[in-house]
1. Please report, for residue B:53, the nm distances (one decimal) from its label point, 7 Å out from Cα along the beta-carbon direction, to the equivalent points in the remaining copies, shortest first.
2. Take the alpha-carbon centre of region B:44-83, take the same for region A:79-132, and report the distance between them in whole Å.
3. With each pseudo-label sitting 7 Å past Cα toward Cβ, what's the residue A:147-residue A:41 distance in nm, one decimal?
4. Working out 0.36 nm times the residue gap between residue B:23 and residue B:135, then minus their Cα-Cα distance, what length gain in nm do you get to one decimal?
5. Evaluate the Debye formula for region A:50-151 with equal point scatterers sitting on the alpha carbons, no solvent, and hand back log10 of I(q)/I(0) at q = 0.22 Å⁻¹, in q order, two decimals.
6. For q values of 0.28 Å⁻¹, compute log₁₀ I(q)/I(0) with the Debye formula on a Cα-only model of region B:71-126, without solvent.
7. Over region A:54-99, with a single point scatterer placed on each C-alpha, what log10 of the ratio I(q)/I(0) does the Debye formula yield at q = 0.27, 0.32 1/Å?
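Only the coordinates and a few stated rules stand behind these numbers; no lab work does. Please read all numbers here as calculations on a predicted model, not as lab measurements. Note that each Cβ is placed from the backbone with ideal geometry, even for glycine, and that neighbours are counted across all protein chains shown.
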DNA sequence: GGGAAATACTTAACATGTTAAATGAATGCG
DNA sequence: CGCATTCATTTAACATGTTAAGTATTTCCC
């Protein structure tokens, strides 16, 4: 065996380490992904017990805070893409957790609202959910949590209107 | 605070607002989701131009930093679940971006490594990617970015070993 | 040494993310 | 009025997230 520590391509193993980049485990997207996963891992079992996914729960919560909403508005509020929302609403309607009716003035729009049954389901999920959130807040620290969310908001702001198709003077 | 000023259930619209919860647009999961999306939105177009998804890119990056890795190890590094990784590796192998061979000592394990072609692809993607990251860093501020990542790490730490099937003292 | 249990990975099944295209309804404008 | 354009929503197609089950090996241990 010839000793060639610096050239991994000497064997049959394909060469690696040839594209210098940041340690990717410390990249911002990764940090955000891991943090979010750590948080959601706490909530998912409870939601699952009630037959809800994270996204379905987001929609119910968004609807519970208002009378009714158009699909597009709901997508913005629940931070879901149109196609995802469309599918989920179909399922939630089949389960009688929401109700829809097309708007009178514009047949294209459909007004979505949470049903009585949906509210009942929410009432059964909310307590554990709030308890979990409280536990997280306590563990991490309420002040730090507020600070973190402040920074996340600032990050979002500082990237608003970057890329995404157009800045000042973008040509397509 | 026992005052209930508004009862929206006066019309025919299904009653809402009956399940008191935090304003969900300000919940931690939402903040994290929005922040991450704001960041990833910057990278996706570039990756897409090269026919890569975010996850495929994560895998290539993880592999470029090492000689070879077992699938399980790679899943941990790239923060992907086994089934997702399994599918992606199948596709990346079909595109000749990675190579696999089963380990000699244990037929169950398969060693994955990046191919020469994979390295070439990385080299063509990395510059724009780094440039975008630099732009983000500049906009948000390098110091603040480091601070944010520090907090995200702490959040992850403070939730490690919560829920997930075992409380204090549950040693499997 | 042989079978139960553990391990590494893959498949399966369903839900969502993501982009493009389709559908149906309103609007603008000649 | 007629018709191209815009708009709101859905469908389609493909990729990943998520949990459960399956498959092939290996290890444990009597």
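1. 1.4
2. A separation of 35 Å, based on Cα centres.
3. Placing both labels 7 Å along Cα→Cβ, they lie 2.4 nm apart.
4. 37.1 nm
5. Ignoring solvent entirely, the Cα scatterers give -1.13.
6. Those come out to -1.20, one per q.
7. These q points yield log10 I(q)/I(0) values of -1.05, -1.47.
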